[in-house]
Structure formats: structure tokens, C-alpha cells
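*Asks:* I'd like to ask you about the structure that follows.
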Amino acid sequence: MAQVRSADVVVVGGGITGLTTALQLSRAGKKVVVVEARHIGACASGNTTGKVSVLQGSKLSNIASKHGTDVLRAYVTGNSEGRDWLIRYCDDHGLNVQREDDHAYVQNEKSLGSARKILAACREAELDAQWVDEADVPFPFAGGVRLRDQAQIDPMPYLSSVVTEFERHGGTLLQGVRATSVSGIGPVTVKLRLTADDQGTRDEEFAVTAQQCVLATGVPILDRGLFFARLEAMRSYCMAYDVPGEITRSMYIAVDSPSRSVRYAPTADGDKLIVGGAGHPVGRSDHPKNAVDELHRWATLHYPGAQRTHYWSAQDYHPVDELPYVGPLLPKLDNLLVATGFDKWGMTNGVAAALALSARILGGRMDWAKAFGSWSPHELSGIPSALQQNFEVGLNLAKGWVTPITAPSATPEEGQGVVSGPPWNLRATSVVDGTERTISPVCPHLGGIVNWNDSDQAWECPLHGSRFAPDGALLEGPATRGLR
């Protein structure tokens with residue numbers, strides 16, 4: 001592992017936002033260190049559907065309902081620049097990009113009003129979107145909005161290419177190293193720990209000092225700024241299929257319930273069908289596997305003979321006022337910056353955030369960045385949602401400590417997990433591949449009691465979305481340690 005103790009900028013997070021920010025800064029001559037707790041693309045960036053689109057389902061109509069035209073257009077401009085930068089980079093580096101139309105559609109006529117609102121928002125944002133009454137697809141399509149010439153990519157070749165160029169410019173990438181705290185107001189000290197110590201089995205820590213730090217994790221690992229209370233963690237699922245005969249071209253996402261996302265992906269063995277959906281708030285679904293199984297039945301119903309070849313899931317964060325948070329972690333404190341709240345549209349939002357952050361650090365300016373402000377008057381629109389969301393957090397906290405009293409203490413079935421016992425002796429027991437494990441169910445972030453995800457076979461905190469492996473190892477924050 002590289003022995004680095006100082007840098008101009010430390011970037012925490014080896015996803016699209018963190019690595020693109022680091023590349024931009026290293027190109028400008030900055031000494032940059034990227035810290036990634038697992039491996040590049042381990043979380044959302046490596047598990048996205050890879051849609052590079054400004055249409056974004058119902059996102060634009062949601063923004064239009066809460067904010068003025070100027071904010072909506074600024075958001076679209078930022079995402080358009082992010083999309084164009086990403087496509088240009090892929091073209092310049094020989095990376096595969098499929099240029100496809102994107103569709104936001106509804107599955108039944110009762111929901112047509114939702115799609116009409118999306119079209120109105122597109123026109124307000126000055127996007128050249130069209131209404132379509134029908135499409136050449138095998139699934140229910142009652143109408144929707146089409147935005148031409150968007151794109152789709154496999155994010156992993158992009159991330160690998162960025163790492164190669166970043167290191168060629170003198171950057172340092174530390175994988176398997178977790179950032180645990182940041183202190184100081186300039187320079188800052190970023191404390192790091194080998195991820196093998198996530199459960200406290202070893203004590204190998206060190207620190208890097210820098211003029212600035214960028215937190216480009218899904219949700220900030222620091223509680224300053226209370227971003228975990230301004231975001232809702234959402235889990236969604238994807239599956240890949242081999243499909244006999246014709247496969248659906250273009251990209252589609254249903255904006256009514258149940259949500260369905262469809263695209264194709266070229267591979268060496270032919271095109272695969274990618275189907276996504278079954279989303280839920282993290283840690284608040286009793287049996288996510290049931291919804292995933294229903295998604296699989298939907299795919300095989302509309303694509304007869306489809307054979308599932310891959311399964312994966314991803315976590316995204318929905319901001320209470322519908323807009324991302326990009327900028328200082330605390331007002332006017334430019335030594336510690338954050339980027340979060342991309343709400344499943346990180347391929348464009350993440351690159352836009354990287355452009356805004358790198359420009360800010362280098363002394364430049366993006367006029368559209370006002371729509372991405374981490375502290376902005378537009379957040380007032382999200383206060384009612386934030387109050388409701390944090391009321392639900394309180395309910396889940398209380399429920400988590402009380403409910404296990406009545407839970408059976410017997411060993412769960414294969415692939416299942418259960419929390420049982422009195423509040424002073426809670427136990428989380430799971431059985432995966434025949435191995436029974438018992439750990440503490442108390443999330444080290446803010447004391448929530450985890451629930452079992454029987455689709456991913458992982459423990460999830462219903463408060464703010466921290467996730468843990470069956471043995472307690474930390475998978476995703478804002479927690480910085482695993483379950484004991």
C-alpha cells in the first residue's frame with residue numbers, strides 16, 4: 001500500500017463522483033489521494049443500470065412541482081453537461097457507448113396524468129421531448145415521454161479508465177481503506193483504517209492531511225450537516241436475462257407502480273435484457289425477496305423463454321427537496337465538501353457534481369451549480385418531507401428495540417435472519433449457506449436495530465441505510481464500523 005501522509009485533496013469514495021472529481025483535479029496539477037473502503041465501483045456506481053439520461057423518469061416533474069423554472073433549468077443544464085462530458089470521455093478513450101432514446105412511461109391509462117406532468121416539465125426545462133402513445137415493447141405501455149439521443153454504458157470500464165489516467169497524472173488510489181473521521185478546518189486530517197478492522201479485530205489506523213477533503217460516498221460518513229436526516233436510503237434490484245428472439249431496444253422506465261426499468265446491454269455473448277425495480281426504503285421491507293421474485297415473473301411473462309443470468313442490487317439516496325446536495329458539508333466551510341442525493345440518476349448527476357466540485361476547488365464557477373447547492377434556500381421546500389421522514393425514523397428506532405421481544409428464538413431457515421431477545425440482550429441470527437451466525441443487531445451509527453434483507457442476505461438499518469454482511473462486516477455507511 002502506498003505510504004502517503006499528505007495531499008492537496010483527499011477524495012473519499014471510489015465511485016463515479018469521487019474518481020471523476022479526482023481526475024479533474026489531478027489534471028490540473030493537484031496532488032490527490034482517493035480513499036475507497038472496498039474496491040472501485042463497489043456500491044452504487046458499479047451496480048447502476050448505466051442509463052445516462054436527462055429525462056430521469058419522474059424526477060423533472062418532481063422538481064418542477066417544488067421549485068421555480070430557473071432551478072429546474074439549472075438542474076437540467078448540469079445533468080446535460082454531465083452526460084455530454086461522460087459520453088465525450090468514453091468516445092475519446094474507446095469505451096463502448098450505446099446512443100439510445102429514453103422513455104418515461106405509464107403502464108395504465110389511469111396514470112397518464114403523471115406522464116403528462118413529465119412532458120410539461122421537459123418543455124419548461126426547454127428539452128426537446130415528445131409524447132408517444134405506443135411503443136414497440138412486449139409489456140404494458142399506455143403512453144409516455146420520449147427524449148431522443150440519450151445513452152447507456154457499462155460503468156466499470158469507465159471507472160477503470162479513469163483510475164488509469166488518474167494514476168498517470170500522479171494520483172494515489174487506496175483501496176481497502178476506510179475513512180473514519182475528518183478533523184480540522186484547514187488543513188484537515190482524514191483518519192483512515194484498513195477495512196479488515198471494520199469489526200474491531202485489528203487496529204491499523206493512519207491519517208492523511210490535506211487542504212481539502214471531498215466526501216463522495218453514497219451518504220456522508222460524517223454527521224455534521226445532518227445529511228443522513230435529509231436523505232432517504234432506497235434499495236432497488238436488477239437482473240440480467242438471455243432472451244430468445246428480438247430484444248427491446250431503447251431505454252424505458254415506468255413512473256407508475258410497480259416501477260419497471262428496462263434496457264439492453266451488449267456483451268461478447270450477445271445482447272442481454274436488463275430489468276430493474278422492486279425498490280423499497282432500506283431496512284423497512286419485511287421480505288424484499290417477494291418483490292424481486294415478482295419482478296422476475298414480470299420479466300419472464302413479457303419475454304417468454306428469458307433465462308436469468310445475473311442478479312444485483314444498489315442503494316441510492318432520495319433528497320427531501322428532490323435536488324442533490326453538492327458543496328460544503330457546513331455552510332461556508334470549503335475545506336470539507338460533499339456530494340450526495342442523486343436519487344438513482346448518478347451517471348449524470350455524479351459527473352455534474354464532479355464538475356462543480358473540481359471547479360469550486362480550482363477557483364472556477366458553474367452557473368448551474370446553484371441547483372445542486374448543499375446549503376440553499378430551495379431546501380425550504382423539503383422541510384415537510386424531512387419532518388415526516390424523521391418521524392418515521394423515530395418510529396423505526398422504537399420498533400426495532402421493542403419488537404424482538406416477541407420474536408422466536410429458534411434458528412431461522414436457510415437464507416433468513418431474525419432479531420430476537422429482550423432489549424438488554426438482543427441477538428441477530430442468520431443462516432446463509434448452512435452457516436449460522438449470531439451478532440449484535442445494534443447499528444453503530446445511531447443505535448438502530450437492523451432488519452434482515454432476504455434477497456441480498458444482508459442486515460440493513462432502517463434508520464439511515466447502513467448495511468452489513470451476515471458476519472457483521474460493514475457493507476455501506478453512514479456507519480464506519482461493522483456489527484459487533
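*Asks:* Could you figure out which of (1) under 23 Å from SER181 (Cα atoms); (2) touching a strand residue (DSSP E or B) at 6+ places or on another chain (Cβ under 9 Å) isn't true of GLN457?
*Replies:* (1)
*Asks:* Of all residues in the stretch 222-253, which are within 15 Å of SER374 (Cβ to Cβ), part of a loop (DSSP other than H, G, I, E, B) and of a type outside the set (Gly, Ala, Ser)?
*Replies:* Those that are within 15 Å of SER374 (Cβ to Cβ), part of a loop (DSSP other than H, G, I, E, B) and of a type outside the set (Gly, Ala, Ser): LEU222, ASP223, ARG224, LEU226, ARG230.
*Asks:* Would you pick out the residues in the stretch 31-79 that are without any contact (Cβ under 8 Å) to a residue 60 or more places away in the chain and either under 20 Å from the mean Cα position of the chain (by Cα) or within 30 Å of ALA473 (Cβ to Cβ) (or both)?
*Replies:* ALA42, VAL76
*Asks:* Out of the stretch 52-66, which residues are more than 16 Å from GLY78 (Cα to Cα) and not polar (S, T, N, Q)?
*Replies:* GLY57, LYS66
*Asks:* Within the stretch 414-444, track down each residue that is of a type in the set (Gly, Ala, Ser) and assigned to a strand (DSSP E or B).
*Replies:* GLY417, SER420, ALA428, SER430
*Asks:* Follow-up. Output the residues belonging to the stretch 208-256 that are closer than 30 Å to GLU294 by Cβ, polar (S, T, N, Q) and open to solvent by 10 Å² or more (accessible area, probe 1.4 Å).
*Replies:* Of everything in the stretch 208-256, those that are closer than 30 Å to GLU294 by Cβ, polar (S, T, N, Q) and open to solvent by 10 Å² or more (accessible area, probe 1.4 Å) turn out to be SER236, SER250.
*Asks:* Could you list all residues from the stretch 300-337 that are farther than 30 Å from GLY186 by Cβ and assigned to a strand (DSSP E or B)?
*Replies:* Across the stretch 300-337, the qualifying residues are GLN307, ARG308, THR309, HIS310, TYR311, TRP312, SER313, ALA314, GLN315, ASP316, HIS318.
*Asks:* From the set of residues in the stretch 131-189 that are of a type in the set (Phe, Trp, Tyr) and within 30 Å of ASP334 (Cα to Cα), which is surrounded by the fewest Cβ atoms within 10 Å (Cβ to Cβ)?
*Replies:* PHE166
*Asks:* Right, another one. Can you tell me how many residues in the stretch 272-293 are more than 17 Å from CYS461 (Cβ to Cβ), open to solvent by less than 40 Å² (accessible area, probe 1.4 Å) and outside any helix (DSSP H, G or I)?
*Replies:* Matching residues across the stretch 272-293 total 7.
*Asks:* On the given criteria, is LYS66 among the charged types (D, E, K, R) and in contact with a helix residue (DSSP H, G or I) (Cβ under 6 Å, 6 or more places away or on another chain)?
*Replies:* When the stated conditions are applied, LYS66 passes them.
*Asks:* Further question on the same structure: Test SER313 against the stated conditions and say whether it is touching a helix residue (DSSP H, G or I) at 6+ places or on another chain (Cβ under 8 Å), surrounded by 22 or more Cβ atoms within 10 Å (Cβ to Cβ) and of a type in the set (Gly, Ala, Ser).
*Replies:* no
*Asks:* For GLY57, indicate whether it is closer than 30 Å to ARG260 by Cα and not in a loop (DSSP other than H, G, I, E, B).
*Replies:* no
*Asks:* Filter the stretch 339-364 down to residues that are among the β-branched types (Val, Ile, Thr) and within 14 Å of the chain's Cα centre (by Cα) and give me whichever is modelled with the lowest pLDDT.
*Replies:* Looking at residues that are among the β-branched types (Val, Ile, Thr) and within 14 Å of the chain's Cα centre (by Cα), I get THR340.
*Asks:* So, in the stretch 109-119, how many residues would count as being touching a residue at least 40 places away in the same chain (Cβ under 8 Å) and either outside any helix (DSSP H, G or I) or open to solvent by less than 60 Å² (accessible area, probe 1.4 Å) (or both)?
*Replies:* Qualifying residue count for the region: 4.
The values are calculated or read from the model by the stated rules, or taken from the named source; none is laboratory data. Source: prediction; values computed, not measured. Cβ coordinates were reconstructed from backbone atoms using ideal geometry, including for glycine residues, and neighbour counts include every protein chain displayed. What goes into the accessible areas is simple: the full protein's heavy atoms, side chains included, and nothing from ligands, DNA or RNA. Shrake-Rupley method; radii C 1.70, N 1.55, O 1.52, S 1.80 Å.
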